[in-house]
1. Using a Förster distance of 25 Å, how high is the FRET efficiency between Ala91 and Glu25, based on the Cβ-Cβ distance and rounded to 0.05?
2. By how many nm would the segment from Ala71 to Tyr18 grow when fully extended, if each residue of separation counts as 0.36 nm and the alpha-carbon distance is taken off?
3. When a footprinting reagent is the concern and you count Cβ atoms within 10 Å, what order do Asp84, Asp117 take, fewest first?
4. Where Lys and Arg each count +1 and Asp and Glu each count -1, what net charge lies around Glu88 among other residues with Cβ under 11 Å from its Cβ?
5. Can you give the Rg to Rh ratio of segment 87-126, both from alpha-carbon atoms, with Rh computed by the Kirkwood formula?
6. Using only the Cα atoms of segment 34-91, build the gyration tensor, take square roots of its eigenvalues as a ≥ b ≥ c, and label the shape rounded, prolate or oblate: rounded if a/c is under 1.5, else prolate if a/b is larger than b/c, else oblate.
7. Rounded, prolate or oblate: which fits segment 1-58, taking a ≥ b ≥ c as square roots of the Cα gyration tensor eigenvalues, rounded meaning a/c under 1.5, else prolate when a/b beats b/c?
8. So for the pair Arg104, Asn10, with labels modelled 7 Å out along Cα→Cβ, what separation do we get in nm?
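Where a number appears in this text, it was derived from the coordinates with a stated rule and is not lab data. Since the model is a prediction, treat every value here as computed from it, not as a measurement. Here Cβ is always computed from backbone atoms with ideal geometry, including for glycine, and neighbour counts include all displayed protein chains.
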Amino acid sequence: MVRERISTTNAPGAIGPYSQAIRAEGRLLFMSGQVCLTPGGELVKGTITEQTQQVMANMRGVLEEAGLSFANIVKTTVFLSSMDHFAEMNAVYGSFFETDPPARSTVAVLGLPRGVDVEIEAIAVY
């Protein structure tokens with residue numbers, strides 16, 4: 001299997017033993033969960049709207065480094081600290097998918113890295 005690591009300075013660097021994304025067999029991109037850290041490592045401590053905007057900006061940075069866009073995403077998983085954040089997150093998230101949004105799962109979890117309220121991971125195709 002051909003496997004290539006994708007890394008960019010347009011999203012926060014990995015803070016553990018993982019990659020920002022992995023391209024597999026030249027056709028699939030598996031993006032690690034993105035949280036609301038700036039590319040410089042500063043935590044965005046704001047509303048769920050502000051946090052989601054930063055998450056999506058980070059996702060864009062990884063996608064662009066891989067030569068892709070949001071149109072290439074086929075599946076996402078959204079992790080929320082509370083389903084009370086769903087509507088606000090969904091409004092921001094939806095604005096990044098002009099047509100044919102990807103399949104998605106959304107789950108509420110007990111805790112997320114650094115106490116953030118949203119994390120999103122994605123699978124994209126070339």
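1. 0.10
2. Computed gain between Ala71 and Tyr18 is 16.6 nm.
3. Arranged by neighbour count, lowest to highest, Asp84, Asp117 become Asp84, Asp117.
4. So the environment of Glu88 carries a net charge of -3.
5. When Rh is taken as the Kirkwood radius, the ratio is 0.99.
6. It comes out oblate by the Cα gyration axes.
7. Prolate shape, in that a/c is at least 1.5 and a/b is the bigger ratio.
8. Result for the modelled spin labels: 2.2 nm.
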